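Heads up, the thing below is written out as structure tokens.
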Amino acid sequence: METYNPDRSISRRFIYAIVLTSVTLAVEVAGGFWTNSLALLSDAAHVFLDLFALALSLLAIKLAALPPTETRTYGWHRTEILASFINGITIFLIAAGIFYAAGGRLFHPQKVNSLPMFIIAAVGLAMNLLSAVALQRHSHHDLNVKSAFLHVIGDAAASVGVIAGGIIMFFTHYFVLDAVISILIGLVVFVGAFRVLRDSTHLLLEGVPRGLTVTKIADAMRAVKGVKDVHQLNVWAVCSHISILSAHLDVMPEFKGKQASVIYEVEQMLLSKFSISQTTLQVECMMCAEGPMLKALEHLATPHDHHD
């Protein structure tokens, strides 16, 4: 009997969602040119952003299973950040293209085949909802899946806007609405591209992972029994789900012989409270260096003049 593997189950659902989203992308691109609808093409750009997010999430799962090598001690996890950066630039350029095309249509509206546009957008909405259903099961306890789930829901909302625009244009022939919808979707795409670029650049520059602050981490470490202070604290990330920390722990004198226990408690706290799984902690005892024992040893090492 085959045992249940949660990673395999999640991977299958991601693949299912990626296939559906790819079909949606192809249909909307073809339909956008067929119906002369810039709104459909703009929504296709949004779908492309979601498709990349899904593929990146699946890539993260696959990379996590690859072992480190002699030349890559963290494996291939960093690929996720590099891919995000490249994708952010690509989507940013697409958003600029949407704004340029929509600006022209605002002043010179073009006829749109609104009925086929409505049908194609409805198909896209159905595909997005099926993808959302596939991911919803794991979205409550897996941040990676939750992020992808929210991307798909966002695209479903954009499809609703295109459907509404198609209905209005079918009855009113107010074709400038196609450009207005395109601009609104372009803004969503632009914001998405900006976030991807901001987060990927931040991680490439070894910034503190989003959601973490050095002050809160240091305070939590000082609150661990036996820790007097924290020095040389550095926090960075290999990828979106692997955070790393290094620090010097100044332990209290009475815990000098229990350093392993102090390190263990700090590591468990960092994992449970901040999801930091990889740490390098160096223990020191400043008070011990200035304490009476060291002074006594220094006294013994100092030559003295003895007078009879």
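Listed values, structure above:
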{"item": "The listed residue being modelled with pLDDT of 80 or more and outside any loop (DSSP other than H, G, I, E, B), out of 145, 180", "result": "180"}
{"item": "Cβ-Cβ under 8 Å pairs, at least 6 apart or on other chains, segment 41-55 side assigned by TED's automatic domain parsing to the domain that holds residue 19 and touching a residue at least 40 places away in the same chain (Cβ under 8 Å), far side part of a helix (DSSP H, G or I) and aromatic (Phe, Trp, Tyr)", "result": "41/33; 54/14"}
{"item": "Filter result for the condition that a residue is buried (at least 17 other Cβ atoms within 10 Å of the Cβ), within 14 Å of the chain's Cα centre (by Cα) and of a type outside the set (D, E, K, R), over 189, 251, 230, 238", "result": "238"}
{"item": "Restricting segment 68-82 to residues that are in a loop (DSSP other than H, G, I, E, B) and of a type outside the set (S, T, N, Q), the residue that is farthest from the chain's Cα centre (by Cα)", "result": "70"}
{"item": "Cβ pairs under 6 Å, 6+ apart, first in segment 74-88 and small (Gly, Ala, Ser), second surrounded by fewer than 17 Cβ atoms within 10 Å (Cβ to Cβ)", "result": "75/66; 75/68"}
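Results for (1) crowded, with 16+ Cβ neighbours inside 10 Å; (2) at pLDDT 85 or above; (3) closer than 23 Å to residue 158 by Cβ, shown as yes or no for each residue.
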site: 6; (1), (2), (3): no, no, no
site: 22; (1), (2), (3): yes, yes, yes
site: 25; (1), (2), (3): yes, yes, yes
site: 40; (1), (2), (3): yes, yes, yes
site: 58; (1), (2), (3): yes, no, yes
site: 63; (1), (2), (3): yes, no, no
site: 78; (1), (2), (3): yes, no, no
site: 104; (1), (2), (3): no, yes, yes
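The values are calculated or read from the model by the stated rules, or taken from the named source; none is laboratory data. Fair warning: this is a prediction, and the values are worked out from it, not measured in the lab. Positions of Cβ are generated from backbone atoms using ideal geometry, with glycine treated the same way; all protein chains shown enter the neighbour counts.
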